[in-house]
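These notes concern the structure reproduced below.
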Amino acid sequence: MCRIFTDLDPQLYVSQVRSVRLNGHSTSIRLEALFWKVLEHISSEENKSLGKFLSTLHDEVLYFHGEATNFTSLLRCACLAFITQNEIDDLEGLLGTGLSSKPPKRIGSERCKTLEPANWAMRQRA
């Protein structure tokens, strides 16, 4: 697990709020930048604008489940399902995200221990 978070480009997890129209109703959706990039990619593959794609997804939720209780969480899960179902290993190549396509660097167990929360104060002094 070491360095999975620390090797991420901080711009990927910056929260962004976007105003969208879902079937004629204006709303705001807050997601991390990486999820917006994945949604933009999916919508382009579907030959739809992002707004039209989100409306279609929202319609499906209403049709099959009667309500969209947590649409933002559904969007995050849809992104993960898309990546998993398409066996996408190279997010950098797919999305141009700044996310390394290489697996996280494995570092020795001693180094990993310094990254544990209990040792953060010790690391800051070093």
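Just so you know, all these numbers are worked out from the coordinates, no wet-lab data involved. Computed from a predicted model, the values in this text were never measured in an experiment. For neighbour counting, all protein chains shown are included, and Cβ atoms are generated from backbone atoms with ideal geometry for every residue, glycine included.
Scanning the stretch 54-73 for residues that are among the hydrophobic types (A, V, I, L, M, F, W, C), within 14 Å of VAL38 (Cα to Cα) and surrounded by fewer than 16 Cβ atoms within 10 Å (Cβ to Cβ) yields a total of 0. What number of residues within the stretch 33-53 satisfy the criterion of being hydroxyl-bearing (Ser, Thr, Tyr) and crowded, with 17+ Cβ neighbours inside 10 Å? Residues flagged as hydroxyl-bearing (Ser, Thr, Tyr) and crowded, with 17+ Cβ neighbours inside 10 Å within the stretch 33-53 amount to 1. Evaluate the stretch 21-32: report whether one residue or more is of a type in the set (Val, Ile, Thr) and surrounded by fewer than 16 Cβ atoms within 10 Å (Cβ to Cβ). Within the stretch 21-32 (the criterion being of a type in the set (Val, Ile, Thr) and surrounded by fewer than 16 Cβ atoms within 10 Å (Cβ to Cβ)), the answer is yes, since at least one residue qualifies. Checking the structure you have, find out if any residue of the stretch 46-65 is in contact (Cβ under 8 Å) with a residue 40 or more places away in the chain, under 20 Å from LEU80 (Cα atoms) and either out of contact with any Pro (no Cβ under 9 Å at 6 or more places or on another chain) or assigned to a helix (DSSP H, G or I) (or both). Taking every residue of the stretch 46-65 in turn, none turns out to be in contact (Cβ under 8 Å) with a residue 40 or more places away in the chain, under 20 Å from LEU80 (Cα atoms) and either out of contact with any Pro (no Cβ under 9 Å at 6 or more places or on another chain) or assigned to a helix (DSSP H, G or I) (or both).
Taking residues in the stretch 15-43 that are within 9 Å of LEU54 (Cβ to Cβ), and partners anywhere that are in a helix (DSSP H, G or I) and among the hydroxyl-bearing types (Ser, Thr, Tyr), the pairs with Cβ atoms closer than 7 Å and at least 6 places apart or on different chains are LEU22/SER55; ILE29/THR72.
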